[in-house]
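J.: One structure, pasted below without further comment.
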Amino acid sequence: MVMQYNESVRIVLSKKKCPNGEGLIAIAQRIDKEIMKACWTPKGNLVHIQWEGGDFSDFEVSRFYPVEI
């Protein structure tokens, strides 16, 4: 699943487990190929993303759309 956050950043949600065992892997990808790793979990109609470094974000699940790999 993918969400276009802004013109330069998209957030990708995977189905692979996070190394810490808490949720699934998420990555924010910038247009310049920089990435920020995170773990995500569903929270009702929200996607809860726990970013490296301690910050977190909550987004409506409807903002994400499936993509074929």
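J.: Mind listing the long-range amide H neighbours of Gly23? Cut-off is under 5 Å, sequence gap 5 or more, other chains count too, H placed in the peptide plane at 1.01 Å from N.
T.: Cys18
J.: Show the residues, 5+ positions off or on another chain, whose built amide H is closer than 5 Å to the amide H of Tyr5.
T.: Arg10, Ile11
J.: Per residue, how much space in cubic angstrom lies within the convex hull of the C-alpha atoms of the chain?
T.: Expressed per residue, the convex hull around the Cα atoms of the chain is 97 Å³.
No lab work stands behind these numbers, since they all come straight from the coordinates. In this text the structure is predicted, and so the values were computed from the model without any measurement.
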